[in-house]
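> Please read through the structure below; I'll follow up with questions.
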Amino acid sequence: MTNDTAKSELETAMESLRKRGFMRTAPLSPRLMELLQLDPSTSPDTAREYVRRRLIATADQLDPTLRTAFLVVGGLRPDAPPGTGERLAQAAAQLRVSERTARRRFEEATEQIVPILLSTGHRSVLPEIDYSFVHVRTRFDLRDETPYIVNERTISVRSDGIDHVDERIGLPRFNGDNLLVRALEGCKLDHARKVGMGIWDVRLSFPRRLRTGDRHSFATSFELPGRDALDPIAGFLPHTVSYDASVELLFGDRRPAALERFVSPPLMDSSTSLPDSELIEPVQAHHDFTFNKMQPGLCYGVRWRWDDQGTQSASLQARQ
């Protein structure tokens, strides 16, 4: 099958999503199942849920507006309305645009998703699908005026042949155009691209292709121009797999007024009061926090407050 034929079939499948919604699309596109490496003998229910999760994970790479249009108009959410017009109206309301514009945003989203699905060696490698985390460690070095953050990860491979990972870094307080990301161990930096306000897409390549069941460790770092560019909070939000994580905090002469260790449902606002959190004061020069067997759906982390902060106002940096 030529690439043009495959592209045409996927475009037809995307149009079917718009008209019928994912939950009412039957049978699934054979080409889509082939691209997602689904065994033809897989039960229909299992295949449908896998394809749904994979499309959602792929949509995560899009601009937030296009992602919302794709998920809502395409009926990928379990509570999606059955009718085409209803889904368009729902998307228009969420995006605060006309239904015509909502449809155009869906079409723009599919124009980006089809090439991603068609790509092979350059396709995006996604957590929870192609690999899962075994352990994550993040170190915040705040001894100088320029914060230095090191991320160390160990992953377990789920898909044969992956040779890179794609990650997204969110730093809502950092308004710069360039993020200085370095590959420290077990990987090479392919690119770090700004894709939105305070959002960077990062691709890291590995020294060799990994096979299902392999474990691989790698580390990266990035540096910020000042403390004001860093939210005073660090957290982990496992989605579907439990794993261990730790946070190391290194403070210099300037110490926060207090630290707060927490386990909670995902925070919509990091200033939210957490009555069951653990308050730590006075703050020492070095702190190490460990979170063992984190459960999916809960947020685990640490936040701190400087003396000149009346209230905590940071957004949680969730690392999967």
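Quick note: the coordinates plus some simple rules give every number you see, no bench work behind them. As the structure is a computational prediction, the values presented were derived from the model and not from experiment. Glycine also receives a Cβ, built like all others from the backbone with ideal geometry; neighbour counts cover every protein chain displayed.
> Please report Thr12, Thr220 as a ranked list, fewest other C-beta atoms within 10 angstrom at the top and most at the bottom.
Thr12, Thr220
> Right, here's the next one. Looking at the chain only, what percent of DSSP beta bridges run antiparallel? Nearest 5 please.
The answer is about 85 percent antiparallel.
> Tell me, what HN-Hα J-couplings in whole Hz come from the Karplus equation 6.51 cos²θ - 1.76 cosθ + 1.60 at θ = phi - 60° for each residue of region 144-152, using x for Gly and Pro?
10, 6, 9, x, 10, 10, 10, 10, 10
> Only helical DSSP H runs with n ≥ 4 go in: add -39500 (n - 2.57) per run for the chain, normalise by residue count and round the 222 nm mean residue ellipticity to 500 deg cm²/dmol.
About -8000 deg cm²/dmol.
> Can you tell me which of Leu38, Leu179, Leu117 moves the most in a GNM of the chain? Springs connect C-alpha atoms under 10 Å apart.
Most flexible of the set in this elastic network: Leu38.
> Right, next: Hey, could you pull the Cα Rg and Dmax for region 131-319, both in Å?
Calculated on Cα positions, Rg and Dmax stand at 16.6, 50 Å.
> Limiting things to C-alpha atoms, what are the Rg and the maximum Cα-Cα separation (Dmax) for region 3-118, in angstroms?
So, for region 3-118, Rg and Dmax equal 13.4, 43 Å respectively.
> Could you check which residue among Asp190, Asp307, Asp163 shows the biggest mean-square fluctuation in a GNM of the chain with a 10 Å Cα cutoff?
Asp307
> Using Cβ counts within 10 Å as a stand-in for footprinting exposure, how do Ser277, Ser41 rank, fewest first?
The order, fewest Cβ neighbours first, is Ser41, Ser277.
> Kindly put Thr110, Thr84 in sequence by how many other C-beta atoms sit within 10 Å of each C-beta, fewest to most.
Lowest to highest Cβ neighbour count: Thr84, Thr110.
> Moving to a separate point now. Anything in the chain that counts as a DSSP H helix reaching 15 Å or more along its axis (C-alpha) with Kyte-Doolittle mean of at least -1.0? List them, would you?
The answer, listed by residue number, is 44-59, 84-95, 99-118.
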